Amino acid sequence: MSDDRTRDLATRAASRDATDRWNAAGELARVPGEEAESALLALLKDEDYRVRERAVAGLGRRFTPRVASACAVALADDDDAGHRAAGLALLVKGGAAGRAVLLGALQHPSADVRISAAAALPGPAPGLETVTAIEAAARREGDPNARAALLLALGRTGRREAIAPLLAALEEGNLWLQVHALEALGEAGDPEIAPRILPLLTNASLRHGALHALARLRSPVAGEPLLRRAAAGDVDVFLLAALRAALESASATTLAGLRPLWPEAGATLLALLEDPEEDAALRTDAAHVLALLDLPGASLAIVSHGPFRDGYAALRALPRARREEALLCVLQVADPEPALELLDAHRGGPEAPTLLPLLVHPSATVKAAVLSCVPAGLVPIPDLIDVLAEDDPETALAAALALATDESGEPLDRLPKRRRALLDRAGGPDGPGRVAALAALGLADGVDVEAAVRGALSSPDPAVREAAVAAAARGRRIGAHEIVTCLSDESATVRAAALRGLALRAERGETLPGVTWRDGLVFLVDDPAAAAAAGAAVVALAGAERPRLVEEMLVQEPAVRIAALEEIERTGDAEAARSAVAALGHEDPETACAAVRALAVADEPVAAEALPTALADERAEVRAAAAETIARRPAGDARSALSAAVATALVTEPDRAVLRSLLVAASRIADETMVEPLTLVLSQETVPAEADEAAEALARLSPEACRRAWMHAPARAERRWARALAAAARAERSQRST
Amino acid sequence: MTGRPLELAETVFRLYQDLLRRRTGFVVSDSQRVRVESRLAAEARSAGSFYQLYGRLRNEPQDSPLFGRLLDAVVVGETYFFRDPASLKAFSEEIVPERLLAAGQDGTLDIWSAGCATGEEAFSLSIVLHEKAILPARKVRILGTDLSPSHVRRARAAVYGPQSLRATSPERRREHFEAAPGGLFRLKPQLAAPVLFETRSILDEPAFGTRFDVILCRNVLIYLDEEARSRVVEVLSSRLKPGGYILLGASDALSVASSALTLVRLANDVVYRR
């Protein structure tokens, strides 16, 4: 980047137009050097919050001592709350250096500054020294609000060392501090302190705070005392939330032992469910407690009095033995939602086969969900034929795909009864059933399939012709020239299917006599669906010219260029992937994402350079695409560069969905670099399932490093590491024994 | 159906959320991910993956069957007959008599249930108009529109389960419904006759077209993003006859604070008037 360019950007960063300044901030973020840094620092005081956010994002990637010092100035700016907030946001991103500034600000004369600093602490990966510093500041703090903020910061460290000072604050007798200490103890998340909180339930002023903390601690120990209080009539929204959390964390045996402690539970909870005017959160928790305690009639009560705030999710809390009863109950109502809740709960799980009876539900939505949920081969063939014959657009495709597979996993050509049923429907009258049968027959081969597809190609129904073209392309018997004929079909969806078909044939490496990428060009200005398919077809058919054509596609309409970029991965062309790098910073996020995904097939050096940059993009969707692409790439030379980038991103990623993708990438990489950042993730109050999976993968491959992490981790991470290590040990034992 | 079902990753689900917001203004909550995964499983398998299915949907017109499947998957139609008695009372006892006077003896009363889900609200209006003997004596047209093709199909069938009739008295059940197979209830044909259903997004409504005496748009605006909300309020206002009324859900009220509509306090409800 030339100095002239940087100066131009700095001038634009001072423009009167906010959009100009916002754009300049984005570009300055990618420019190295002090001049660009100074311009970004000036933007921390910008009047427009979006510009400040961009400046923070840009500076977050280069937290130099100069940036740290500018943050300290911002933090102390009593006149400009926006400036102060930008400084705080940047300090949070600044890791240990940012934390040092925040800890220093705890001695600022202004209570507002001290409170702001406390609210931003502890930052990522707080160690013992951070706890000690915050605790010391809390001890000397005279302002009650600042002290309360410090107690909350102690709770957010999640460390065991923070618990003693919080318990001490609880015993000081100052109600304001006690309430905040309870909140912080809930945040710290160590269920072992539940017994210290339970006695506070008798203090009317602290009861709500104590129950809220117990709801977050999720300790099974709280189950018994809370049930006794409920039995004594102390039932409200706070108690039921805490009771639900305690029961959810208890084992089945414990639950069975607890049930007799509240003999009136059924009547009390049912009364709450029956009253639609009652608080929605209270009714929801009541439904869950009813299910957890396995009280008689729980299933029917939930189905009859729902939906609740979370729909019919309480059905998931029923014990396994009640599954059949729940099935009967959801079959008694025409509303599909309760049935769908059961199906969603067990999709992909070992109990999915037990949901087959739901196929008789009157709702087509439920039937389709059953067909997509239960394992292959479980639904009898005649039932599937019946569903297909209903010609319902909701169920037809699910039924046809279910017909196309059985439990053996044999190809459709070796399943004569299923194949015959699909052929019969594919040769029958037009309708959703015929479309679906043709889609499923794409998996089969043979002259009879060819005849059915050819017959469908001349159907008056464009949906049938579209399905026939797709099936023809998947098979090998119908020549490419016949698919080319379909390019002149009057329906754009059929033309699009033909273009996709040609692309598919090219991806399979087939020679397509007389067909070239030029055949797709005319469709680039067709209807959007056909134009996008044409973009993909041009790239697929381009052969050696692919890199150049990818570059040309990048100046086409969004639908075309995105489809063209997406095609690169399917062709596996590393040279074309190199051409996609130019689109990584494209202003359209979908184009940038498609370019990132193309890097799945890029050469190692290209991937090692481009993917870490994409992981640091300011757009969440681009970062997610980068993480997913890293997870898909095979292990290779680029692994160490990508591993370091994923480790850094795990610590700084603010977006939960992107974090999940990063955790999947971490599972695939699973080297020791991941242990420390993963410990940070595991110390959060709620973590995605992918975090536990990553911990288990790491515990299998790097058990020593994980054991070390377990011994020094904050309370929540300690428990999760312990579970992961135990699971890894179990897996190893089972592997040895086999 | 082979092995583990296809998964809809959170990041791919966001693409679906963005697509729906851009096309329809409809904001799909994060909690609906599993729902979309389960409802579109067959389509995703046929396309290859949820990402590839998104690639197809991205270029599909909104009225295509495939896009309709997406809309069916995300639009929640939780409603029932006589859901808001106070509002229905305001409609039948205060608004309708006034609008009939404005229409004149031969005039038509035009009513629109925007975001009608499976039709319970539109049919509730028809029932109360019959109970007040306004129907069939006067000319009344009731239009119900919804984004979801599946909801509209169910509304046209006019067959309901006990959940939909949870707030319907036994007398009304006996008088206005007949038994249908499977323990269901079918609305009597004369009550269904004045009601017409169409699959349409409120955002696709032209600013000019049939004008209505009463528009009911309850619990719809809360599912829309800010920009879509303003557009909808603008369109609804432009489609009212002079002096016509808009009835919103309690949580929708703030959305019209800045519009040209006037807040009117009736004896039974608070409504908006042009």
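Candidates are the residues of the range A:336-352 that are at pLDDT below 90 and either surrounded by 23 or more Cβ atoms within 10 Å (Cβ to Cβ) or not in a loop (DSSP other than H, G, I, E, B) (or both); the one that is nearest to the other protein chains (Cβ to nearest Cβ) is A:Asp344. The residues of the range A:461-489 that are in contact (Cβ under 8 Å) with a residue 24 or more places away in the chain and not in a helix (DSSP H, G or I), listed by number, are A:Asp461, A:Gly475, A:Arg476, A:Arg477, A:Ile478, A:Asp489.
Limited to the range A:30-57, what total is found for residues that are in contact with a Leu (Cβ under 9 Å, 6 or more places away or on another chain) and not in a helix (DSSP H, G or I)? The number of residues fulfilling the criteria is 2. Restricting B:Leu40, B:Leu101 to those that are aliphatic (A, V, I, L, M), away from chain A (no Cβ under 12 Å) and out of contact with any His (no Cβ under 8 Å at 6 or more places or on another chain) reduces the list to B:Leu101. Residue count for the range A:136-162, restricted to those that are touching a residue at least 40 places away in the same chain (Cβ under 8 Å) and either closer than 21 Å to A:Pro191 by Cβ or acidic (Asp, Glu) (or both): 4. Residues in the range A:276-297 that are surrounded by 13 or more Cβ atoms within 10 Å (Cβ to Cβ) and more than 32 Å from the chain's Cα centre (by Cα) were compared, and the one that is modelled with the lowest pLDDT is A:Glu278.
Scanning the range A:263-309 for residues that are touching a Lys or Arg at 6+ places or on another chain (Cβ under 6 Å) and in a loop (DSSP other than H, G, I, E, B) returns a single hit, A:Leu293. Assess whether A:Gly95 counts as being under 33 Å from the mean Cα position of the chain (by Cα) and more than 24 Å from A:Leu615 (Cβ to Cβ). So A:Gly95 does not fit the description; no.
So, A:Gly94, is that one of a type in the set (Gly, Ala, Ser) and surrounded by fewer than 21 Cβ atoms within 10 Å (Cβ to Cβ) or not? No: the conditions fail for A:Gly94. Beta carbons closer than 8 Å, at least 6 apart along the sequence or on distinct chains, pair a first residue in the range B:251-268 that is closer than 12 Å to B:Leu221 by Cβ with a second that is modelled with pLDDT of 75 or more and basic (Lys, Arg) for B:Asp252/B:Arg218; B:Ser255/B:Arg229. From the list A:Asp392, A:Asp386, A:Asp424, the one residue that fits, being within 12 Å of chain B (Cβ to nearest Cβ) and either surrounded by 19 or more Cβ atoms within 10 Å (Cβ to Cβ) or over 31 Å from the mean Cα position of the chain (by Cα) (or both), is A:Asp392. Take A:Ala452 and decide whether it is more than 12 Å from every other protein chain (Cβ to nearest Cβ), in contact (Cβ under 8 Å) with a residue 12 or more places away in the chain, in a helix (DSSP H, G or I) and in contact with a Gly (Cβ under 6 Å, 6 or more places away or on another chain). It is true that A:Ala452 is more than 12 Å from every other protein chain (Cβ to nearest Cβ), in contact (Cβ under 8 Å) with a residue 12 or more places away in the chain, in a helix (DSSP H, G or I) and in contact with a Gly (Cβ under 6 Å, 6 or more places away or on another chain). Restricting attention to the range A:588-625 and to residues that are in a loop (DSSP other than H, G, I, E, B) and over 24 Å from the mean Cα position of the chain (by Cα), the residue that is surrounded by the most Cβ atoms within 10 Å (Cβ to Cβ) turns out to be A:Ala602. Checked against (1) away from every other protein chain (no Cβ under 14 Å); (2) among the hydrophobic types (A, V, I, L, M, F, W, C); (3) over 21 Å from B:Arg99 (Cα atoms); (4) surrounded by fewer than 22 Cβ atoms within 10 Å (Cβ to Cβ), B:Leu147 meets all criteria but (4).
Results for (1) more than 8 Å from every other protein chain (Cβ to nearest Cβ); (2) in a helix (DSSP H, G or I); (3) within 18 Å of B:Ser148 (Cα to Cα); (4) among the aromatic types (Phe, Trp, Tyr), shown as yes or no for each residue.
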| site | (1), (2), (3), (4) |
| --- | --- |
| B:Gln17 | yes, yes, yes, no |
| B:Arg23 | yes, yes, yes, no |
| B:Val28 | yes, no, yes, no |
| B:Arg35 | no, yes, yes, no |
| B:Leu57 | yes, yes, yes, no |
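Summed over the range A:631-667, the residues that are basic (Lys, Arg) and away from every other protein chain (no Cβ under 14 Å) give a count of 2.
Collect the residues in the range A:129-174 that are within 26 Å of A:Leu682 (Cα to Cα) and polar (S, T, N, Q), keeping them in residue-number order. Residues satisfying the conditions are A:Thr130, A:Thr132, A:Thr157.
Evaluate the following for A:Ala436: is it part of a helix (DSSP H, G or I), facing another protein chain (nearest Cβ under 9 Å) and not acidic (Asp, Glu)? Answer is yes for this residue. With respect to the stated conditions, B:Ala47 is on the phi < 0 side of the Ramachandran plot, among the small types (Gly, Ala, Ser) and touching a helix residue (DSSP H, G or I) at 6+ places or on another chain (Cβ under 8 Å).
State which residue is nearest to A:Glu341 (Cα to Cα) when the search covers only the range B:64-98 and only residues that are within 14 Å of chain A (Cβ to nearest Cβ) and of a type in the set (Phe, Trp, Tyr). Ranking the qualifying residues of the range B:64-98, first place goes to B:Tyr80. Apart from one condition, B:Pro181 fits all of (1) modelled with pLDDT of 90 or more; (2) within 14 Å of chain A (Cβ to nearest Cβ); (3) surrounded by fewer than 16 Cβ atoms within 10 Å (Cβ to Cβ); the exception is (1). Condition check for B:Ala102 on (1) in contact with a Gly (Cβ under 9 Å, 6 or more places away or on another chain); (2) part of a loop (DSSP other than H, G, I, E, B): one failure, at (2). Of the helices (runs of 4 or more DSSP H) contained entirely in the range B:125-210, those carrying at least 1 residues that are over 16 Å from B:Phe81 (Cα atoms) fall at B:149-157, B:189-192. Taking (1) more than 23 Å from A:Pro126 (Cβ to Cβ); (2) within 14 Å of another protein chain (Cβ to nearest Cβ); (3) of a type outside the set (Lys, Arg) in turn, A:Thr686 satisfies each apart from (1). The set of residues in the range B:43-55 that are at the interface with another protein chain (Cβ under 8 Å from one of its Cβ atoms), free of Cβ contacts under 8 Å to residues at least 40 places away in the same chain and not hydroxyl-bearing (Ser, Thr, Tyr) comprises B:Glu43, B:Gly55.
A search for C-beta distances below 6 Å between a residue of the range B:16-30 that is under 18 Å from A:Ala657 (Cβ atoms) and any residue that is acidic (Asp, Glu) and surrounded by fewer than 22 Cβ atoms within 10 Å (Cβ to Cβ), counting only pairs 6+ apart in sequence or on different chains, returns B:Arg21/B:Asp225; B:Val27/B:Asp225. Filtering the range A:98-119 to residues that are within 32 Å of the chain's Cα centre (by Cα) and charged (D, E, K, R) leaves only A:Arg99. Residues of the range B:62-109 that are of a type in the set (S, T, N, Q) and crowded, with 16+ Cβ neighbours inside 10 Å: B:Gln62, B:Ser64, B:Thr79, B:Ser87, B:Ser92.
The values are calculated or read from the model by the stated rules, or taken from the named source; none is laboratory data. Computed from a predicted structure; not experimentally measured. Counting neighbours? That spans all protein chains shown, and the Cβs are built from the backbone with ideal geometry, glycine included.
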